[in-house]
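The values are calculated or read from the model by the stated rules, or taken from the named source; none is laboratory data. Note that this is a predicted model, so its numbers are computed, not measured. Note: ideal-geometry Cβ built from the backbone for every residue, glycine included; neighbour counts use all protein chains shown.
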Amino acid sequence: MKILTTSGGLLPFLAIGGTTLVVGFAAGRLSAPVAASDRTPATVTIQSQEVRTLRSASPSESATVRDSSVDRKPYQGDLKKILENPNPLERARGLDAMLAGVDAPEVKQLLDWVNAMPDGAAKRVALGKVMQRWGQLDGSAASAFGIEAFQQTGNATVLRNALLGWAQNDPSSSMQYLQGLGLSRGLMNEFSRDILGIWSNLNPQAAAEYLQSNPDSLGGRGAVGGGRGMGGPGGYFGGPAAIVAANWAAQDPQAAANWALSLSQGQGGGRQGWGAMNQVIDRWVNQDPNAAASFVGSQSAGPAKDVMLASLVRGLAADDPASTMKWVSLIGSQDIQRGTTMGILAEAGVFTQNGPDITLAQSLISSLPQNVQQQVMQGLTNRGGPYGGAGGGARRGTGANGQ
């Protein structure tokens, strides 16, 4: 199942800070005694915002490791063997399989070994996997360790992986911890979207309830998923509501559609609801195109239905572009009509290396209103490209209005 997270799909690694985690950070810290003054929550100002460690004990104390002479399992040898595999996918799978059986003391010893490795791709992958496993086992301790790494290096990747691991077992607590850290708006947006991606895969209804109980998280300036443009990573079609809706639709498209529709009709969530609905229809049409078409056809005319129709067309056009054009005639917005039409023409092969096939285009759009036909043809003859100056395309992966 594809899980949305941040820009680019189900759980990509986030490169934040532009610096590699300092190799020596953890060396000597994990087994070092903790002074009494180290037990108080530390504060640091980062990007003009205060970052607070929410903990009852220092991560150094919680990360104390056992003496290697009493190891119960040969994980160091296993780790070395896995990381020597030149296939990145097999490396990742091997790490997941090995880490699934470790307990908290063992995962902290693995962390010590990984931090002693030379910098490189293998170390970054191993560190991310180990931190996620620690987050699964002890989310607060792993996240506190990640905060110290962030404070010392400026790299938030360790913290992110700890929070993601925590979210796999307790997304609500992971999100609550994140909200109390006082991170910059950019980091809050990215980490919140990551956690919501995991949460909505595990329990989409709970994730949806969280969003509705925290309206600022729906989007807008300064909020989770806020950003310019409908289709960008922080826009309406890529915002937190869209992430939750997409993962919910993979499990129960009818329930996800009802939720997205309630957002589009509610106060303050209108366009976020459109973005959510766009994702629902896009996935629903792949699972059951007849059910998706029936749902869209039953809706009252208006902006929300226009978005649904554009999404439906994107899903149907690849199989039968000509028959799909009948749905375009039902779209009320001429801007969305033009953009959606361009998407269908692209799927139908109108745009060639020698320029647009005008005859084929004219036959496909003959059922559209005359003014829309004229605007589309004008765009084709003037610009000749798949978007033709006619308001943008409606191909998969863009906003329904082509923005």
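Could we say that residue 310 is within 26 Å of residue 216 (Cβ to Cβ) and either modelled with pLDDT of 90 or more or of a type in the set (A, V, I, L, M, F, W, C) (or both) here?
Taking the combined requirement at face value, the residue does not satisfy it.
I'd like to verify a number: residues in segment 250-299 that are among the hydroxyl-bearing types (Ser, Thr, Tyr) and within 19 Å of residue 314 (Cα to Cα), how many?
2
Go through (1) without any contact (Cβ under 8 Å) to a residue 12 or more places away in the chain; (2) surrounded by 24 or more Cβ atoms within 10 Å (Cβ to Cβ) one by one and return the number of the condition residue 144 breaks.
Failed condition: (1).
Search segment 90-103 for residues being at pLDDT 90 or above and in a helix (DSSP H, G or I), and hand back the single one that is nearest to residue 136 (Cα to Cα).
Going through the qualifying residues, I end up with 99.
Residue under question is residue 176, and the condition is that it be without any contact (Cβ under 8 Å) to a residue 40 or more places away in the chain, part of a helix (DSSP H, G or I) and farther than 21 Å from residue 106 by Cβ; does it hold?
The answer is yes for residue 176.
Looking at 103, 96, which is the one that is surrounded by fewer than 17 Cβ atoms within 10 Å (Cβ to Cβ) and under 27 Å from residue 192 (Cβ atoms)?
Result of the check over 103, 96: 96.
From the residues in segment 285-322 that are polar (S, T, N, Q) and in a helix (DSSP H, G or I), which one is nearest to residue 260 (Cα to Cα)?
311
Among the residues in segment 353-362, are any modelled with pLDDT under 90, crowded, with 19+ Cβ neighbours inside 10 Å, in contact with a helix residue (DSSP H, G or I) (Cβ under 9 Å, 6 or more places away or on another chain) and not acidic (Asp, Glu)?
Among the residues of segment 353-362, not one is modelled with pLDDT under 90, crowded, with 19+ Cβ neighbours inside 10 Å, in contact with a helix residue (DSSP H, G or I) (Cβ under 9 Å, 6 or more places away or on another chain) and not acidic (Asp, Glu), which makes the answer no.
Could you grab me the full set of residues in segment 298-335 that are closer than 17 Å to residue 274 by Cβ and out of contact with any helix residue (DSSP H, G or I) (no Cβ under 8 Å at 6 or more places or on another chain)?
300, 301, 302, 335
Across segment 245-282, what is the number of residues that are at pLDDT 95 or above and of a type in the set (D, E, K, R)?
1
Could you grab me the full set of residues in segment 340-368 that are assigned to a loop (DSSP other than H, G, I, E, B) and under 16 Å from residue 310 (Cβ atoms)?
365, 368
Are there any pairs with C-beta distances below 6 angstrom linking a residue in segment 105-117 that is under 15 Å from residue 77 (Cβ atoms) to a residue that is modelled with pLDDT of 90 or more and aliphatic (A, V, I, L, M), with the two at least 6 apart or on different chains, and if so which?
So the pair list comes out as 110/130; 114/126; 114/127; 114/130.
Can residue 114 be described as under 29 Å from residue 201 (Cα atoms), modelled with pLDDT of 90 or more and touching a helix residue (DSSP H, G or I) at 6+ places or on another chain (Cβ under 8 Å)?
no
Can you give me the number of residues within segment 106-163 that are under 22 Å from the mean Cα position of the chain (by Cα) and outside any helix (DSSP H, G or I)?
2
Anything in segment 316-335 that is out of contact with any Lys or Arg (no Cβ under 9 Å at 6 or more places or on another chain), among the aliphatic types (A, V, I, L, M) and over 16 Å from residue 282 (Cα atoms)? List them, or say none.
322, 325
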